[in-house]
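The structure appears below as structure tokens.
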């Protein structure tokens, strides 16, 4: 079974094997209103009991860093994935928390945040020969690189590099800069600048 491995500036951060998982996803994202420049995470869901596991939980990235996502034919999981309860044992149970905020109130809060940067420079390449170099648009609020594997198509993973404005965030749409499928072994790299 395949595995997804994350490296930052050539240094291994985590690898997750897909055995026993229904979904495995890697995300690199950045928003003009987030204080952190950008972040990367790796998480998935088990086939038994639909347990959500986290291998990388929002690792902060600095300007100029490069994230490499490798879709491997095989690989050993390291470190082990952890549940939310294992990562945050002191958090109150969902039943004890107040009601979740509405999407409208979350969107209002995002719109009210101050901006910390004008945008992002993105340099993308894949071992399959795809490439993109450019900047997020003047009105773009954020970007994301998403690499996703699922058990229904175990021989491949889907990836997309996209940007979106606040209006697109509200309507849950985005624009793809690059989009394709990966066949193992394959690598995508993204360098992020201001």
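The values are calculated or read from the model by the stated rules, or taken from the named source; none is laboratory data. These numbers come from a predicted model, not from an experiment. Cβ placement follows ideal geometry from the backbone for every residue including glycine, while neighbour counts extend to all protein chains displayed.
Would you pick out the residues in region 179-194 that are under 13 Å from residue 134 (Cα atoms) and modelled with pLDDT of 95 or more?
Just the residues of region 179-194 that are under 13 Å from residue 134 (Cα atoms), to begin with: 190-194.
Within region 179-194, 190, 191, 192, 193 qualify.
Return yes or no: is residue 105 without any contact (Cβ under 8 Å) to a residue 24 or more places away in the chain and surrounded by 14 or more Cβ atoms within 10 Å (Cβ to Cβ)?
On the way: without any contact (Cβ under 8 Å) to a residue 24 or more places away in the chain: yes; surrounded by 14 or more Cβ atoms within 10 Å (Cβ to Cβ): no.
No: the conditions fail for residue 105.
Among the residues in region 29-50, are any without any contact (Cβ under 8 Å) to a residue 12 or more places away in the chain and more than 12 Å from the chain's Cα centre (by Cα)?
The answer is yes; a qualifying residue exists.
Just to be sure I understand, how many residues within region 143-194 are assigned to a strand (DSSP E or B), more than 14 Å from the chain's Cα centre (by Cα) and without any contact (Cβ under 8 Å) to a residue 24 or more places away in the chain?
3
Counting just the residues of region 88-98 that are under 23 Å from residue 50 (Cβ atoms) and loosely packed, with under 11 Cβ neighbours inside 10 Å, which one comes out modelled with the highest pLDDT? I'd like the intermediate steps shown before the answer.
Let us first name the residues in region 88-98 that are under 23 Å from residue 50 (Cβ atoms), namely 88-89, 91-97.
Next, only the ones that are loosely packed, with under 11 Cβ neighbours inside 10 Å stay: 89, 92-97.
Numbers: 89: 88, 92: 55, 93: 58, 94: 52, 95: 51, 96: 52, 97: 56.
Residue satisfying both the conditions and the ranking: 89.
Of 36, 11, which residue is touching a strand residue (DSSP E or B) at 6+ places or on another chain (Cβ under 6 Å) and surrounded by fewer than 18 Cβ atoms within 10 Å (Cβ to Cβ)? Break it down into steps so the answer makes sense when it comes.
Details: 11 fails: touching a strand residue (DSSP E or B) at 6+ places or on another chain (Cβ under 6 Å).
On inspection, the qualifying residue turns out to be 36.
Considering region 123-142 alone, what residues qualify as being under 19 Å from residue 173 (Cβ atoms) and either part of a strand (DSSP E or B) or within 19 Å of the chain's Cα centre (by Cα) (or both)?
The answer is 136, 140, 141, 142.
Name the pairs whose Cβ atoms lie under 9 Å apart, with the first residue in region 118-140 and at positive phi and in contact (Cβ under 8 Å) with a residue 12 or more places away in the chain, the second surrounded by fewer than 19 Cβ atoms within 10 Å (Cβ to Cβ) and in a loop (DSSP other than H, G, I, E, B), and 6 or more positions between them or separate chains?
Partner pairs satisfying both residue conditions: 119/32; 119/137; 119/138; 119/194.
What are the residues in region 64-87 that are exposed (fewer than 14 other Cβ atoms within 10 Å of the Cβ) and within 18 Å of residue 145 (Cβ to Cβ), if any?
The one that is exposed (fewer than 14 other Cβ atoms within 10 Å of the Cβ) and within 18 Å of residue 145 (Cβ to Cβ): 64.
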